[in-house]
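Working notes, beginning with the structure itself.
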Amino acid sequence: MTLASAARLGVDPHRDLTDYDPEADLMVLNMGPQHPSTHGVFRVKLYLDGETIVRAVPYVGYLHRGVEKLLEELTFVQATPIVDKNDYVSPMTNEQAINMAFEALLEVEVPRRARYMRTLFAEMSRISSHLLWLATFGVDMGGALGGGTTLFLHCFREREYILDLFELVTGARFHYNTHTIGGNRHDIPAGWAKRVHQALDLIASRVDEYLDLSTKNAIFVARTRGVGTLPAKLALELGITGPILRASGVDHDLRRDAPFHAYDEIDVKVQTEQAGDCLARAHVRIRELSESIRLSKLLVDGLPEGPICGGRPIKNPTQFKAKDGQAYVALETPRGELGTYVIGGGGNKGASPYRLKIRPPSLHALAAMPYLLVGGTISDAVVILGSLDPIMGEADR
Amino acid sequence: MSEIWTSTLVYVLVSAVVSVSLLWVSRAVRVRAKRSSELKGATYECGEEPDGPAWVRFHPRYYVVALVFVLFDVEAVFLFPWALNIRRLGLFAIVEMALFVAILLFGWAYALRKGALEWQ
Amino acid sequence: MLKTEAYRALLESDFGVQEFSDKTPPCIEASEHHRLAATLKERGYTLYGFVAATHMPAVKGAADALELAGHYEVATGLRCPTAGSHIAIWRVRLGLDEELRTLVDLFVGADWQEREQYDLVGVRFADHPDLRRLMLPEDWEGHPLHRDYPIDTPHPPWR
Amino acid sequence: MAVDESDRSYEHPLYTTLERMPGLDVATTTIDKLLTWGATNSLWVFPMATSCCGIELMATAASRVDADRMGTIVRGTPRQCDVMVVAGTITVKMAPRVLKLWEQMPEPKWCIAMGSCAISGDFYRDIYSVIPGIDTAIPVDVYIPGCPPNPEQLIAGLMRLQEKVRAVRAGEWAPKEERPETAAMQKTAPSIARVSSPERSQDITLAQLRGAGNLGLGGDMKRKSLPIVTAKAGPPAEASTAATESTEPASPDSAKAEDVED
């Protein structure tokens, strides 16, 4: 971040350190790769004056597994289980992102039932992802053995119901490998819709219990109001999307603005807040949780009949070939806009992509860390990082 | 008369035994590694190398806050035994403790007005 | 008028782009890269999208000079966060030793994304504030997404 | 010698003192049983959670499959933990940190490789930045296969570790016999020899330790060399390490620790 461009925004991420005696006054603390509250392997080097953070330098790359290089070696059909592991809190949306990009590149049609099922899976994985965020946000707030564990235990108990529903359809808790080019592989078993309604009613009835534990809890509000305020202009420039952008007042949601799957047939009420601080992000996510519950019930009832896979059944991995052409497809995940930019005509005689770039919403959110941390204390740093909800598997790829 | 002293004697004995044995037992059953590298003693900082000195000059406000805390902590030490025996001590003790607390409240008001408790 | 037509009209009028194909995004001159980003930002494309660099190795007997010597192709995307959200994507072709002007003074988010493309693909960005490696350790040799970089390069003493 | 501690990586000074007292020799076995009972029923987990298996580790600590019922609490610092559960892919940038955290854990300590990424690197195995299995750097006691292994499998792995600890401390632990090296096994062997395999050379271990010691990035503790420090009164059983420890290994120093040969 050049100081010039940051100063233009009125936010100075690296406060000028000339008036500090480098040796004596600043304590340098590593909130390092292995830390209970860094949501994975993320490291921030904090320059502290007493308890106040004067400067924060984030380091990423501790989970860089070279996924883009690996996807250039594998064929289109083999890519789904690889990409599952990127955003391991809502793997459904990973699979959908990459298969939508391949369908755009290879011009394969997706039948209506498959598009409906994809929308339903995306909304249900948004519920499980926001539940996990609320759980870890509680632990960030109150500590593992302190008050935070109540929220952690509650939300994980509800998340297990969603994982059970996915296990009924695909056989796995997460890393499903259920999407392919042209639709889905596993159809919905009989009686599944009834169990979805039971689970969603149970979660809906407990959501106001979470409100008492979080946004109505005075300590929670005291620690999050006015902490880590992200101005909308800076959020847009950083490329931040998703709940963080909506909490800063920008009314942008790909589900409504650029509908994909079957979102054009249902109306999504986009939740926004104006304040842009940690509390606003908490409000947006919890209201999105209730909204996703409503949408999931709508989708489960309105599931049309028909085939679930448009493309020819997959016989051999090099079945789909693309000589050239490029495609960029983006969809709204619980963390923001997950885009996939693919160039066709790669190895295996055109059966694998020439280049595949994944746009990670978490990396854009992490880029805001130096701006948000400066001026706060160490306990604020933990809260701010929790409110950004980064997933390092997706940020580092 | 003697059984009062025996109970206090037992009390002192038991507390001594418990505290000493806590230390001694953990010392006795300690475990020593046969081979350990020098990293065992390195400071733990989330897996990273610590950077820069830890002996840094802190802002004086921490000292003032600690001072005010100690002041009211000691006041609490006087309050506890007083609260236990308030029925036996009668009205005189209540007035006495009220006076004591009032003086300390005056000190607290002074600290508040001088802004010692402000954090930034 | 739909945003895609407006974007195409802008490219034709100001940036002299003739051929459009629906399979690949339009390709503009490297020198126009920063100006296009600035004009798009004024027109409401304020949300920073992505930057994706690709290494294209030398193709023997290719007509185009760049194709012959091997080049980088950098695709950039900017999105307008309003209803009917459209992402404007354009490509730039660079020689292996040329530098592309950075977008950090327009979009602060470009800092990390360009550092990552430099780290993985090796394309350099002119007057970027601190172009270091983002993902790999500082002392790593080579850029992994180069075509001639073997995928299982050993890195003693760990692998 | 009532309790044979030669094959353990740690020792109790209490047993040596009890030996000298004539009558208390028999007490060591009962004390050892008591300490074993204490150690196995309170295995505190150090969550080396890097990716997806970390989410399953959290789900195990949550309410449905409650790890607390077997005394397993997830603690944040290595100083208070017994078991390091390596959950997720370990990359080249993260490996020295993992080894440093492993070294900073007090004895007796064990390691569980949870998930196929920690066991063998899974399909990331032959990528430039991924470690082909954590047992190329750290001795692993229990392997839990799965991607990710669901919480019940992690609990089964912890119970398997309890059995192993009881068997080792009772002296009946027969390490698994080395199967003859077949061509297929050679093809799937990781590029760096595993810690448990016989042909693991000592200078790889020292190079890894030196890598963990000098993490660079502003570390002001430039460790010149990292000899394996044997305990002061430890039995000089492992003559081999003592030998290499004194003479500075002149192996070609591929790791970036520049100032090793002083």
Review point. Which of the residues belonging to the range C:112-133 are at pLDDT 90 or above and either charged (D, E, K, R) or part of a loop (DSSP other than H, G, I, E, B) (or both)?
Key: C:114, C:115, C:116, C:119, C:121, C:122, C:123, C:124
Exercise for review: Among residues belonging to the range B:16-44 that are basic (Lys, Arg) and more than 25 Å from the chain's Cα centre (by Cα), point out the one that is nearest to residue D:211 (Cα to Cα).
Suggested key: B:40
Check your understanding: Which residue, of A:89, A:108, is in contact (Cβ under 8 Å) with a residue 40 or more places away in the chain and surrounded by fewer than 24 Cβ atoms within 10 Å (Cβ to Cβ)?
Key -> A:108
Point to revise | Qualifying positions in the range C:54-69 - more than 8 Å from chain A (Cβ to nearest Cβ) and not small (Gly, Ala, Ser) | key: C:55, C:56, C:57, C:59, C:60, C:64, C:66, C:67, C:68
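Conditions tested, residue by residue: (1) among the hydrophobic types (A, V, I, L, M, F, W, C); (2) more than 14 Å from chain A (Cβ to nearest Cβ).
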{"residue": "B:33", "(1), (2)": "yes, yes"}
{"residue": "B:49", "(1), (2)": "no, no"}
{"residue": "B:52", "(1), (2)": "no, no"}
{"residue": "B:57", "(1), (2)": "no, no"}
{"residue": "B:73", "(1), (2)": "no, yes"}
{"residue": "B:76", "(1), (2)": "yes, yes"}
Revision key, fill the gap. If we keep only residues of the range A:149-204 that are in a loop (DSSP other than H, G, I, E, B) and aromatic (Phe, Trp, Tyr), then the residue farthest from the other protein chains (Cβ to nearest Cβ) is A:176
Practice item. Among what's in the range A:339-381 and is facing chain C (nearest Cβ under 9 Å) and within 17 Å of residue A:31 (Cα to Cα), pick the residue that is nearest to the chain's Cα centre (by Cα). Key: A:366
Check your understanding: Among A:63, A:29, which is modelled with pLDDT of 85 or more, more than 24 Å from the chain's Cα centre (by Cα), within 14 Å of chain B (Cβ to nearest Cβ) and buried (at least 19 other Cβ atoms within 10 Å of the Cβ)?
Key -> A:29
Review point. In the range A:325-397, which strands (runs of 3 or more DSSP E) lie fully inside it and hold 3 or more residues that are basic (Lys, Arg)?
Key: A:355-359
Point to revise | Any hit, the range A:268-291, residues being more than 9 Å from every other protein chain (Cβ to nearest Cβ), free of Cβ contacts under 8 Å to residues at least 12 places away in the same chain and not basic (Lys, Arg) | key: no
Study note, to complete from the structure: residue C:41 meets each of (1) part of a helix (DSSP H, G or I); (2) away from every other protein chain (no Cβ under 11 Å) with one exception, condition (2)
Practice item. Return the pairs, sorted by first residue and then second, in which the second residue is among the β-branched types (Val, Ile, Thr) and assigned to a strand (DSSP E or B), the first residue lies in the range A:303-330 and is within 14 Å of chain C (Cβ to nearest Cβ), the beta carbons are less than 6 Å apart, and the residues are 6+ apart or on different chains. Key: A:326/A:343; A:327/A:342; A:328/C:89; A:329/A:340
Check your understanding: Any chance the range D:87-98 includes a residue that's part of a strand (DSSP E or B) and closer than 29 Å to residue A:176 by Cα?
Key -> yes
Point to revise | Failed condition for residue A:253, given (1) touching a helix residue (DSSP H, G or I) at 6+ places or on another chain (Cβ under 9 Å); (2) away from every other protein chain (no Cβ under 14 Å) | key: (2)
**Study point:** Test for residue A:266: is it under 29 Å from residue A:138 (Cβ atoms) and aliphatic (A, V, I, L, M)
**Key:** no
Review point. Name the residues in the range C:94-139 that are in contact with a strand residue (DSSP E or B) (Cβ under 8 Å, 6 or more places away or on another chain), closer than 24 Å to residue A:68 by Cα and among the basic types (Lys, Arg), would you?
Key: C:124
**Study point:** Residues (closer than 18 Å to residue D:195 by Cβ, more than 14 Å from chain B (Cβ to nearest Cβ) and in a loop (DSSP other than H, G, I, E, B)) located in the range D:99-145
**Key:** D:121, D:125, D:131, D:132, D:133, D:140, D:141
Exercise for review: Quickly run through the range C:70-126 and pick out the residues that are at the interface with chain A (Cβ under 9 Å from one of its Cβ atoms) and of a type in the set (Asp, Glu).
Suggested key: C:73, C:105, C:111, C:116, C:119
Check your understanding: Any idea which of (1) over 21 Å from the mean Cα position of the chain (by Cα); (2) in a helix (DSSP H, G or I); (3) not hydroxyl-bearing (Ser, Thr, Tyr) is the one residue D:2 doesn't satisfy?
Key -> (2)
Practice item. Considering (1) under 23 Å from the mean Cα position of the chain (by Cα); (2) within 25 Å of residue C:49 (Cβ to Cβ); (3) of a type in the set (A, V, I, L, M), say which one residue A:322 fails and leave the rest. Key: (1)
Check your understanding: In the set A:362, A:290, which member is closer than 25 Å to residue A:54 by Cα and of a type in the set (S, T, N, Q)?
Key -> A:362
Practice item. Scan the range C:20-33 and give yes if some residue there is of a type in the set (Phe, Trp, Tyr) and loosely packed, with under 15 Cβ neighbours inside 10 Å, otherwise no. Key: yes
Study note, to complete from the structure: Residues of the range D:57-71 being over 20 Å from the mean Cα position of the chain (by Cα) and either under 13 Å from residue D:86 (Cβ atoms) or among the β-branched types (Val, Ile, Thr) (or both), in sequence order, are D:60, D:65
Check your understanding: What residue, among those in the range D:103-127 that are touching a Leu at 6+ places or on another chain (Cβ under 9 Å) and touching a residue at least 24 places away in the same chain (Cβ under 8 Å), is surrounded by the most Cβ atoms within 10 Å (Cβ to Cβ)?
Key -> D:114
Revision key, fill the gap. Going through (1) over 30 Å from residue D:208 (Cα atoms); (2) of a type in the set (A, V, I, L, M); (3) within 8 Å of another protein chain (Cβ to nearest Cβ) one by one, residue C:135 fails only at (1)
Check your understanding: Given the conditions (1) small (Gly, Ala, Ser); (2) surrounded by 14 or more Cβ atoms within 10 Å (Cβ to Cβ); (3) at pLDDT below 90, which single one is not true for residue C:16?
Key -> (2)
Exercise for review: Kindly list the number of the only condition in (1) part of a helix (DSSP H, G or I); (2) in contact (Cβ under 8 Å) with a residue 40 or more places away in the chain; (3) more than 14 Å from chain B (Cβ to nearest Cβ) that fails for residue D:72.
Suggested key: (1)
Check your understanding: Can you tell me how many residues in the range C:1-60 are among the β-branched types (Val, Ile, Thr) and over 18 Å from the mean Cα position of the chain (by Cα)?
Key -> 2
**Study point:** Complete set of residues in the range B:80-95 that are surrounded by 12 or more Cβ atoms within 10 Å (Cβ to Cβ) and under 29 Å from residue B:64 (Cβ atoms)
**Key:** B:82
Exercise for review: Filter the range D:10-47 down to residues that are under 19 Å from the mean Cα position of the chain (by Cα) and among the β-branched types (Val, Ile, Thr) and give me whichever is surrounded by the most Cβ atoms within 10 Å (Cβ to Cβ).
Suggested key: D:45
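The values are calculated or read from the model by the stated rules, or taken from the named source; none is laboratory data. The structure presented is a predicted model; accordingly, all values stated were derived computationally and were not measured. Please note: Cβ atoms are built from the backbone with ideal geometry, for glycine as well, and neighbour counts cover all protein chains shown.
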